[in-house]
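Just so it is clear, none of the values below were taken in a lab; they were calculated from the coordinates. On a predicted model such as this, the values are computed, not experimentally measured, just so you know. When we count neighbours, we look across all protein chains shown, and the Cβ atoms used for this are built from the backbone with ideal geometry, even at glycine.
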Number of protein chains: 2
Amino acid sequence: MRTSQYLLSTLKETPASAEVISHQLMLRAGLVRNVASGLYTWLPTGLKVLKKVENIVREEMQRAGSNEVLMPMVQPADLWEESGRLNDYGPELLRLNDRHNRDFVLGPTHEEVITKLVANELSSYKQLPLNVFQIQTKFRDEIRPRFGVMRGREFLMKDAYTFHLEHECLEKTYQKMFDAYCRIFDRLGLDYRPVIADTGSIGGDASHEFHVLADSGEDDIAFSDASDFAANVEKAEALAPSGEREEPSKDIELVELKLERLIKTTDTPLNASVKTLLVQGTATDDESEKFVALVLRGDHQLNEVKAENLPSVASPLTLATEEQISALVNCHSTSLGPKGLSVEVIVDRSAAHLSDFTCGANENNRSYTGVNWQRDCGDITVADIRNVVEGDPSPCGKGNIVIKRGIEVGHIFQLGQKYAEAMNCAVLNEGGKNQTLTMGCYGIGVSRIVAAAIEQNHDKYGIKWPKAIAPFQAAIVPMNMAKSARVKETAESLYEQLLQDGVEVLFDDRKERPGVMFADHELMGTPLLLIVGERNLDEKKVELKNRITGEKTLIAIEDVKALFSN
Amino acid sequence: MRTSQYLLSTLKETPASAEVISHQLMLRAGLVRNVASGLYTWLPTGLKVLKKVENIVREEMQRAGSNEVLMPMVQPADLWEESGRLNDYGPELLRLNDRHNRDFVLGPTHEEVITKLVANELSSYKQLPLNVFQIQTKFRDEIRPRFGVMRGREFLMKDAYTFHLEHECLEKTYQKMFDAYCRIFDRLGLDYRPVIADTGSIGGDASHEFHVLADSGEDDIAFSDASDFAANVEKAEALAPSGEREEPSKDIELVELKLERLIKTTDTPLNASVKTLLVQGTATDDESEKFVALVLRGDHQLNEVKAENLPSVASPLTLATEEQISALVNCHSTSLGPKGLSVEVIVDRSAAHLSDFTCGANENNRSYTGVNWQRDCGDITVADIRNVVEGDPSPCGKGNIVIKRGIEVGHIFQLGQKYAEAMNCAVLNEGGKNQTLTMGCYGIGVSRIVAAAIEQNHDKYGIKWPKAIAPFQAAIVPMNMAKSARVKETAESLYEQLLQDGVEVLFDDRKERPGVMFADHELMGTPLLLIVGERNLDEKKVELKNRITGEKTLIAIEDVKALFSN
């Protein structure tokens, strides 16, 4: 492509509206343009990247035996009524009426359409398992679209759905899809991690997120520094510290200081103290059983999801009010401690490993030092109720936890029978009886990957595309073509030759200063620049500049072709 | 792909809802399924065809130098307000509100979005001409969706837009696009014709439709039998018959018969008579100038568009009422004739070529025979006001007109400045002044092509795909695989080998009777069947059946690969 026939549209200034670097660079490099809040037009450079991502995703889904289909974006609302999600989904589900005033939605996802289809088309277990996917535009009416295509309203997604008679079969397919996802992100050239995820509101049995690692990511991910273990921080198990708990060596002592003051003024380390939270319990018959105490080491954070999953803790997690605490313990929340409480005391594994620790005394402005669990506090329950932190032993058994930030670009679920049951998706099994199917679903945010790739791969000059998704493989940049016939001829013939060889090359035939051209190509992240200048032509050479390494070398024109030979 | 892992979904019965053969076959062969009125899911077999069509369209648009972009399907209504089409477009434009109650439309076409984009991005004539296209889902809220994907509501379209400073440049690009369209339909393997079209309501200077020829087509197209001339019947020029008009040889005679009776009872040929229509004129000052008479040969049909384009005829064309005719001529409309009328008489070229003709006498139940124009009727205007018919001389000057039916699958327009003016799309010209651009637009109905291809290529057994868009290149059909290990091994190894060679092959590994398998593959239109049977294996051969020719031959297994070698 010649720039003179191309919609290049780079910007010198960073648009004020763009908060994150990927959005800034996508606007500046001419990848997308905003049409309305959360709605974008993909310009040629951006669409080239999007299509490359899409093609890699498609090829690997097909290789994994998935059948490509295409479902409509406009879906009848009655399907969503049938699944029970029409009202549950919330205002991100955009509803509309056609000219006959029938109800439709713009599809944010396609579980309903595909489950209905499979319910109609399949009749026998012999047709199972079935694996289908589509790459289709989705619409979610985000209340505050932001970060460009990272959280847009109309976006491109790959969504796959699998159907099985038995859970074991779903597990096998799930592993196959997991492997396909790894191949996809490997081929995209991104630094990513599959992460054990909370299944959240979709329900089901197992779930992994795929995250592209980037400092600007919205999610915290816990890794092992010695294995491939990775989990969302909310989901990662916090193990007990290794070794036996030390025996008590101090006597318990009451101190006339608030716990917070005690820690500050006596240099008691935070991790040798515990903090105590009073929360609502699930039992209601006895006044004291209405509440539960949660105890954590002073330097740790409560993990609400883990706490909510305990049988005696109410969900959603609800802290006791100061009035409730006063009524039960007669002190302020900041003076709570595990000794002498009349409610169940649930102690985090790390807090339970302490001896001779410091805590509140359940009296205002008084604390204890030298406390020991069995000796001083009676019966306790030990559980994992905190977020992991860096340096924790990894729950996989190897190495320690490191925490990094990630951008979620894929999510796979073992869905189970939720949709199949609601929409009556069943087949005759080997015994001739109707059996409800069990399902998996597997999403990849195709347009989001483009933004995530930029968040991970950029410098102050612009984008540094991974090879597999660069919009062009190379650009030819002639120096002063207007003044040198030799430069023009060489550049033109190099361009024609590379085109014939099937190289995706951009020929910068604008009448611009070299500085302007270089800045544009660095901004756009073209991996290789072939600079055609008068001074190297006697030697029949051009200058080769590598966008990733910054390296400049001279290369014989006849050797250029070989750069693209694999 | 193995049928056991594939969503085959063929139907034995023809669904009652499907009116046209392509819709019937698309349902029966498992290409699409209906989700709601005018909304379809493309099943794997259908999507393979759709993608092949899409890829050919994309490749040829790129080869013609067009830049691919992707515009959002959901468009802000204010863009349509700006172009003036928000209310003009009618109820096919589906309107919706987002959660903040802002107005949007589902894009039925993208002139507004692209014109606005180009108005914002381009500043100089140096960036022209610009050629962009997209392949994107469109939505038109048809009042009565029918014929399956032929007239669906959500459908896939390729739409291209070009921008120019001068009309000459638009004309050059228009020709380039015309050529690209011909390459596209050539590659698709369809019998098609580019057809001179009326520009209809879009306006502009020139326009061609591309029609796939099929008996079931909705449009009549006039061809020359000796050149590549083709035009929509409404648009084709009707020439005067060749040769000089014959001199009068009869005297005019008043006959006491209504024209209709006269023709029936005396064997006067229809084409030796004329019929006369009184329509409203454009002049209003004089009572007699309020009307105009249109005269056609008895066997010809008035072309309303041609008549409306005459300066003295009112548009839209409006016939005079019987009351108006009585007041002016004192007879019934069926007795009108050109002799002695007090209004302008506009005579079609073919009627004007008659001599000694028969016509109404402007008195009830009376006619004239032996009428001649100059001698009997005074001043007349001669014009082309009829539809062409088969046998007419072609307006290109070569051969005669043949009329066939076609399905419109493409349409190209020289749009002019309509949108550029409304949306202020201008650049600085060489003189440094702002100049409004002139535009072309170019559509192809990608999903419609799939249906049109079937309308043109089928027999009683099913679809006969052109090679370039067949969902599979071949199918392997083993005979009694369950009972013969040799058949199973051969079929499996042939399948693996063809897969490795990159052949798109469907391996029918179902436990079905041969008859069921053959019927499915004929229905789906797989071009080649490779039938693996016990009786040919001693000779290391398989049977090859050609779907198009019906021919069956034996072929050595080692020669199968060569069938797909180009």
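Of all DSSP beta bridges located in segment B:253-382, what percent are antiparallel, nearest 5?
Working: 15 of 22 bridges.
Once the DSSP bridges in segment B:253-382 are tallied, antiparallel ones form about 70 percent.
Run the quick spin-label model on A:ILE548 and B:ASN429: label points 7 Å from Cα toward the beta carbon, then report their separation in nm to one decimal.
Result for the modelled spin labels: 4.9 nm.
Rounded to the nearest 0.05, what FRET efficiency do B:ARG245 and B:GLU322 give with R0 = 56 Å and r taken as the Cβ-Cβ distance? Could you check? Spell out each step's value before the answer.
Values: r = 33 Å, r/R0 = 0.59.
Computed FRET efficiency for B:ARG245 and B:GLU322 comes out at 0.95.
Report, in deg cm²/dmol and to the nearest 500, the calculated mean residue ellipticity at 222 nm for chain A, where each DSSP H run with n ≥ 4 adds -39500 (n - 2.57) and the sum is divided by the residue count.
On the way: 16 runs with 148 residues, N = 566.
So the helix-based figure for chain A works out to -7500 deg cm²/dmol.
To the nearest whole number, what is the average tally of beta carbon atoms from other chains within 10 Å of the beta carbons of peptide A:68-80? Don't skip to the end; give the middle numbers.
Details: counts 7, 10, 13, 7, 14, 7, 12, 4, 4, 1, 1, 2, 0.
Partner-chain Cβ atoms within 10 Å, mean over residues of A:68-80: 6.
Can you give the longest stretch of chain B with no exposed loop site, where a site means GluC sites (Glu not before Pro) in a DSSP loop (not H, G, I, E or B) with at most 10 other C-beta atoms within 10 Å? Show your work: numbers first, answer last.
Details: sites that count: B:GLU13, B:GLU244, B:GLU430, B:GLU539, B:GLU551.
Here the longest segment lacking exposed loop sites spans B:14-243.
Let me know the mean shielding of B:3-15 by other chains, meaning the per-residue number of their Cβ atoms within 10 Å of its Cβ. It would help to have the intermediate numbers written out before the result.
On the way: counts 1, 4, 8, 4, 11, 3, 5, 0, 1, 0, 0, 0, 0.
Mean number of neighbouring Cβ atoms from other chains: 3.
How many angstrom separate the Cα center of segment B:219-286 from the Cα center of segment B:103-122?
Result: 47 Å between the Cα centres.
Can you compute the modelled spin-label distance between A:ILE143 and B:GLU19, with each label point 7 Å from Cα toward Cβ, in nm?
4.7
Can you give the FRET efficiency for B:ASP78 and B:GLU539, using 1/(1 + (r/R0)^6), R0 = 51 Å, r = Cβ-Cβ distance, to the nearest 0.05?
On the way: r = 73 Å, r/R0 = 1.43.
For R0 = 51 Å, the calculated efficiency reads 0.10.
Pull out the extension gain between B:GLU121 and B:ALA272, defined as 0.36 nm times the separation in residues minus the alpha carbon to alpha carbon distance; nm, one decimal.
Values: separation 151, 0.36 × 151 = 54.36 nm, distance 6.29 nm.
Value of the extension gain: 48.1 nm.
At a threshold of 8 angstrom on Cα-Cα distance, excluding pairs fewer than six apart, so keeping six or more, what relative contact order does chain A reach in percent? It would help to have the intermediate numbers written out before the result.
On the way: 1217 pairs, mean separation 97.2, N = 566.
Once divided by the residue count of chain A, the mean separation gives 17 percent.
Assign unit charges at the C-beta atoms only (+1 for Lys and Arg, -1 for Asp and Glu), then state the dipole size of the protein assembly as shown relative to its Cα centre in Debye, rounded to the nearest 20. If you can, show how the numbers build up before the last one.
Working: 128 positive and 170 negative charges, 408 e Å.
Its charge dipole is roughly 1960 debye.
Using a 10 Å cut-off around each Cβ, can you sort A:ASP228, B:ASP98, A:ASP267 from fewest to most neighbouring Cβ atoms? Intermediate values should be presented prior to the final figure.
Numbers: A:ASP228 10, B:ASP98 23, A:ASP267 6.
Lowest to highest Cβ neighbour count: A:ASP267, A:ASP228, B:ASP98.
Just rank A:ILE114, A:ILE325, fewest to most, by other beta-carbon atoms within 10 angstrom. Please report the intermediate quantities before stating the final value.
Details: A:ILE114 26, A:ILE325 20.
The most exposed by this proxy come first: A:ILE325, A:ILE114.
For a label point 7 Å from the Cα of A:THR381 along Cα→C-beta, name the residues of segment A:327-356 whose backbone N is under 20 Å from it.
Output list for this probe position: A:328-329, A:337-354.
What FRET efficiency comes out for the pair B:ALA556/A:VAL305, r = Cβ-Cβ distance, R0 = 45 Å, nearest 0.05?
For R0 = 45 Å, the calculated efficiency reads 0.10.
Please return the longest stretch of chain A lacking exposed loop sites, where trypsin sites (Lys or Arg not before Pro) count only if DSSP places them in a loop and at most 12 other Cβ atoms lie within 10 Å.
Numbers: sites that count: A:LYS12, A:LYS250, A:LYS433, A:LYS460, A:LYS483, A:LYS511, A:LYS540.
Result for the longest clean stretch: A:13-249.
Quick check: net charge around B:ASN429, other residues with Cβ under 11 Å of its Cβ, Lys/Arg +1 and Asp/Glu -1?
Details: positive: B:LYS126, B:LYS433; negative: B:GLU166, B:GLU430.
Computed value for this residue: 0.
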